[in-house]
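The values are calculated or read from the model by the stated rules, or taken from the named source; none is laboratory data. Every value quoted in this text rests on a predicted model; they were computed, and no experiment measured them. Note that we place each Cβ from the backbone using ideal geometry, even for glycine, and neighbour counts take in every protein chain shown.
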Amino acid sequence: MLILTLKKIVQKIPYFPGVFLKYIPFSWKVGGEYLNQRNKLFKFNDSRNINYVLHNLNFIVNYALSNFEFYRNFYGVTSYSIKSIDDFQKLPILTKEDARILAKEVSNGYLKLNTGGSTGKPLSFYIDSNGLAREWSHLHFIWKDYGYNPRQLMLTALGARTNNLTVKFHAVNNEFLVNPNICEKNEYLELLKTILNHKIKYFQGYPSNIYKIMIDFKKFLDDDEFQSLISTIRVCFLSSEFTPNYMINFLKYDCNLNLLTWYGHSEMCVFASDKDLHNNYLPFYSYGYPESFDNCLLGTSYFNLDMPLIRYNTEDVISAEYDYNGLISNFKMIEGRVGDFVLDKNHTKISLTILIFGQHHEIFNVCEFVQAFQKKSGDLTFLISGFNNKHDFVPGKYFDLNGFNFNFDFIFLKKPIKSITGKLKLKLSKDDFTK
């Protein structure tokens, strides 16, 4: 926990003298596993070796059986030999509901996180002490093809708190964090000044948030100012969400930006990149094992010993192609975490990904589903399913919504509302809500 404590202290340091922390090796900031993973990545073809995959799957399955009663009950055995992919695929699939039960058995997890994925179905879970190092090593590996190294400044739009500042320096990652709620011209001019003064070339974040920011820049800036902006920012790294074509087209052609999209999720089971922007994701077997079952993307982390997720259903829908070993060579997203927006009181677009899953809401620990419905700008209703203490509900206790400009309302349901096709959506339409 020492690294987490130090990061909380260091991230409060202002740009000067914090900028000099970029000269500290990144492995010192996130842990030695960063270097171990980087070395594996430079031997990427080795990680595609079927023996490498089977060795890691065999290890994590038998570790889980030895250390978690949940898995002994779930599999009905105390040990299991994996000699082929077929052996592994005989094991049952782990759903979010199963993972919630598993999480109750974790008593000393390194870091507790939460997610809702594409459906609004919340899950609190734990990652191990090396999880962030593995994540960063893979990110830096795919970013390096665009000239990036950790000593270069990054502009980041992932929903982090900025204490109501338009932009805030984060010394640990050598980045400027953008306030996701900016909506006024003077705020965008301040952000532009930061970008130009520091010659920030790289911009990473949720596609829906980057898209909103660049659209607003185009609206608020004159032609010369906008040209100065897109001549400075040259590369966008689009993370986590499935990126619709209209966003890609605007960022690529209207803003003349180089783009890289990558697939990842908070549970850290699958990591893949789509360099060519053709919805063609290449998975990294050095990170975890992806598979497809009934077109659902499943993932297994080899390394999370604090809370092993094995054959975990991400609930993202894919179309996969395979190599001669039966491993996924690439996959296309069919349904995923598309960036839904809502409008606040100022008619500003706010990403639901940031509003709900970019924050750490306590409600995720005590309910089954969270969905959102908006009837008009400035009003936002959360529909909460499976929460048994609604009479004791206090919004400030279960939701961290400070800094967002909405009138919030909360409705409690026995079960979530599904679309006509049976899909559990994060943002409900009027037809979904009234049927």
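Okay, here's what the table says:
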| read-out | value |
| --- | --- |
| Scan of the range 66-101 for residues that are over 27 Å from the mean Cα position of the chain (by Cα) and of a type in the set (Asp, Glu), ordered by number | GLU69, ASP86, ASP87 |
| Test: LEU2 is aliphatic (A, V, I, L, M), farther than 30 Å from THR353 by Cβ, at pLDDT below 90 and loosely packed, with under 11 Cβ neighbours inside 10 Å | yes |
| Failed item in (1) in contact with a helix residue (DSSP H, G or I) (Cβ under 9 Å, 6 or more places away or on another chain); (2) without any contact (Cβ under 8 Å) to a residue 40 or more places away in the chain; (3) farther than 24 Å from GLY147 by Cβ, with LEU277 passing the rest | (3) |
| In the range 292-317, the residues that are buried (at least 23 other Cβ atoms within 10 Å of the Cβ) and modelled with pLDDT under 90 | THR314, ASP316 |
| Count of residues meeting criterion [free of Cβ contacts under 8 Å to residues at least 40 places away in the same chain, surrounded by fewer than 18 Cβ atoms within 10 Å (Cβ to Cβ) and either assigned to a helix (DSSP H, G or I) or among the hydrophobic types (A, V, I, L, M, F, W, C) (or both)] in the range 139-186 | 4 |
| Cross-chain or 6+ apart pairs with Cβ under 6 Å, the range 309-328 first and under 17 Å from LYS90 (Cα atoms) and among the aliphatic types (A, V, I, L, M), then outside any loop (DSSP other than H, G, I, E, B) and modelled with pLDDT under 95 | none |
| Verdict on TYR206 being in the same structural domain as SER231 (by TED's automatic domain parsing) and modelled with pLDDT of 90 or more | no |
| Count - residues of the range 99-128 that are more than 29 Å from ASN51 (Cα to Cα), at pLDDT 90 or above and not in a loop (DSSP other than H, G, I, E, B) | 3 |
| Spans of strands (runs of 3 or more DSSP E) in the range 344-415 with at least 3 residues of a type outside the set (A, V, I, L, M, F, W, C) | 379-385 |
| Residue match in the range 342-355 (condition: buried (at least 19 other Cβ atoms within 10 Å of the Cβ), at pLDDT 90 or above and either over 30 Å from TYR75 (Cα atoms) or of a type in the set (Val, Ile, Thr) (or both)) | yes |
| Single condition ASN279 does not satisfy, out of (1) crowded, with 16+ Cβ neighbours inside 10 Å; (2) modelled with pLDDT under 95; (3) part of a helix (DSSP H, G or I) | (3) |
